[in-house]
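The values are calculated or read from the model by the stated rules, or taken from the named source; none is laboratory data. Because the structure is predicted, anything quoted here is derived from the model rather than measured. Here Cβ is always computed from backbone atoms with ideal geometry, including for glycine, and neighbour counts include all displayed protein chains.
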């Protein structure tokens with residue numbers, strides 16, 4: 001699936017508001033969702049909360065809670081709300 005991550009803030013804001021406000025409460029996305037990645041250093045599965053209100057593409061550094069090595073986390077949120085997460089060493 002391909003989606004727009006070209007930095008068009010107006011489009012991104014509309015997509016986020018559409019995800020939050022579309023339809024009835026049963027169809028609404030929570031503001032925070034969980035994603036999983038495998039730490040490259042220790043091999044443990046790590047669960048991280050993703051705040052969908054921060055944008056459709058997010059990059060940040062977070063220390064692994066098991067081995068304390070810094071990981072760069074890349075999160076992409078598709079138009080349907082599906083999360084894609086990738087991690088790599090800092």
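Considering region 43-53 alone, what residues qualify as being touching a helix residue (DSSP H, G or I) at 6+ places or on another chain (Cβ under 9 Å) and surrounded by 14 or more Cβ atoms within 10 Å (Cβ to Cβ)?
The answer is 52, and nothing else.
I'm trying to understand the selection: among the residues of region 41-58, which are part of a strand (DSSP E or B), free of Cβ contacts under 8 Å to residues at least 40 places away in the same chain and closer than 18 Å to residue 31 by Cα?
47, 48, 49, 50, 51, 58, listed by residue number.
Looking at (1) modelled with pLDDT of 55 or more; (2) within 16 Å of the chain's Cα centre (by Cα), find the lone condition where residue 89 falls short.
All conditions are met except number (2).
If the Cβ limit is 8 Å and pairs must be 6+ apart or interchain, which residue in region 59-77 that is free of Cβ contacts under 8 Å to residues at least 24 places away in the same chain pairs with which residue that is part of a loop (DSSP other than H, G, I, E, B) and loosely packed, with under 14 Cβ neighbours inside 10 Å?
Correct list of pairs: 63/69; 70/90; 72/90.
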